[in-house]
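The values are calculated or read from the model by the stated rules, or taken from the named source; none is laboratory data. Just so it is clear, the structure is predicted and the values come from calculations on it, not from any experiment. Glycine also receives a Cβ, built like all others from the backbone with ideal geometry; neighbour counts cover every protein chain displayed. Heads up: the accessible areas ignore ligands, DNA and RNA and are worked out on the full protein's heavy atoms, side chains in. Shrake-Rupley method; radii C 1.70, N 1.55, O 1.52, S 1.80 Å.
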Amino acid sequence: EGEAFFVMADKTGTPRILSQISGAGFPAFTLQDEKGHPRNVLRLAETGPELIQSDKNAKIRCVQRVSESGPGLILHDKSGKARAMFGIPDQTGPALVLYGEQDKPGAVLSVGKLEIRDNESKYVARLEADKTGPGLNLRGGKGKESACLCVFEGTPLMTLCDDTGRPRISALVE
């Protein structure tokens with residue numbers, strides 16, 4: 001309904017190449033394997049162009065897209081879950097996100113920052129560097145600051161906190 005199709009089949013009659021235009025007017029080109037499973041789909045979506053690649057079990061393994069916010073690549077495991085995403089958002093620059101078993105980010109790497117996250121996707125360790133210097137922040141079981149080690153404008157600083165996140169020991173080297 002509202003779609004246009006063009007199909008090319010192999011000598012057994014199995015559709016292998018599909019070209020279509022959706023009812024919304026977006027074109028797609030699909031390459032299918034000998035079982036008729038889509039393996040490569042190139043399409044224009046509302047958000048921009050996409051290339052979707054699937055394995056022999058018809059599970060999506062890789063999605064490459066370019067949206068208004070920038071290009072991205074999403075890698076899926078054999079069950080089809082997204083496990084890694086690399087993108088270059090125009091606002092923030094390159095980033096790599098690794099997903100854990102809970103489908104939430106477990107690690108995020110961007111320019112100047114690395115975050116390790118727990119099962120709730122809250123950061124437990126953050127290493128970052130900016131114009132004032134490098135820093136390492138660790139959070140304890142309650143999600144409060146536990147330790148901080150940094151160099152602020154050339155001066156080393158260490159802080160250890162109690163389980164409420166309140167600084168208890170601080171050392172500044174001058």
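Per residue, the chain exposes 67 Å² of accessible surface when a 1.4 Å probe is rolled over the protein heavy atoms with every protein chain present. Structure remark: mean-square fluctuation, Gaussian network model of the chain, C-alpha springs under 10 Å; the largest value among Val151, Val97, Val63 belongs to Val151.
Of the solvent-accessible surface of the range 57-174, computed with a 1.4 Å probe and all protein chains present, 59% belongs to carbon and sulfur.
Once you keep just the Cα pairs under 8 angstrom separated by 6 or more residues, what percentage relative contact order results for the range 94-153? Present the calculation step by step, with values, prior to reporting the outcome.
Working: 118 pairs, mean separation 11.8, N = 60.
With pairs under 8 Å counted, the relative contact order is 20 percent.
Here the convex hull built on the C-alpha positions of the range 118-174 has a volume of 62 cubic angstrom per residue. Quick check on the range 1-114: take the gyration tensor over C-alpha atoms, sort the square-rooted eigenvalues as a ≥ b ≥ c, and tell me if it's rounded (a/c under 1.5), prolate or oblate. Oblate is the answer for the range 1-114, as a/c is 1.5 or above yet b/c matches or exceeds a/b.
Taking a ≥ b ≥ c as the square roots of the eigenvalues of the Cα gyration tensor of the range 13-55, is the shape rounded (a/c under 1.5), prolate (a/b larger than b/c) or oblate? Can you show the working numbers first?
Working: a/c = 3.69, a/b = 1.64, b/c = 2.24.
Oblate is the answer for the range 13-55, as a/c is 1.5 or above yet b/c matches or exceeds a/b.
Hey, which of these cross-link pairs are over 31 Å Cα-Cα: Lys81/Lys142; Lys35/Lys104; Lys35/Lys81?
Values: Lys81/Lys142 29 Å; Lys35/Lys104 34 Å; Lys35/Lys81 23 Å.
Violating the 31 Å limit, Cα to Cα: Lys35/Lys104.
The distance separating the Cα centre of the range 1-70 from that of the range 110-174 comes to 46 Å. Just the accessible area for Ile60, please: 1.4 Å probe, Å², rounded to the nearest 10? Rounded to the nearest 10, the figure is 70 Å².
Under the definition of Cα pairs under 8 Å and six or more residues apart, what whole-number percent is the relative contact order of the range 65-174?
Rounded, it is 11 percent for the range 65-174.
Which trypsin sites (Lys or Arg not before Pro) does the range 68-137 hold that lie in a coil by DSSP with at most 16 other beta carbons within 10 Å? Don't skip to the end; give the middle numbers.
On the way: sites: Lys78, Lys81, Arg83, Lys113, Arg117, Lys122, Arg126, Lys131; in loops: Lys78, Lys81, Lys122, Lys131.
Of the trypsin sites (Lys or Arg not before Pro), the ones in loops of the range 68-137 whose Cβ has at most 16 other Cβ atoms within 10 Å are Lys78, Lys81, Lys122, Lys131.
Can you give the relative contact order of the range 2-156 as a percent, counting alpha carbon pairs under 8 Å and 6+ residues apart? Each step should come with its number before you reach the end.
Values: 346 pairs, mean separation 12.6, N = 155.
RCO, the range 2-156: 8 percent.
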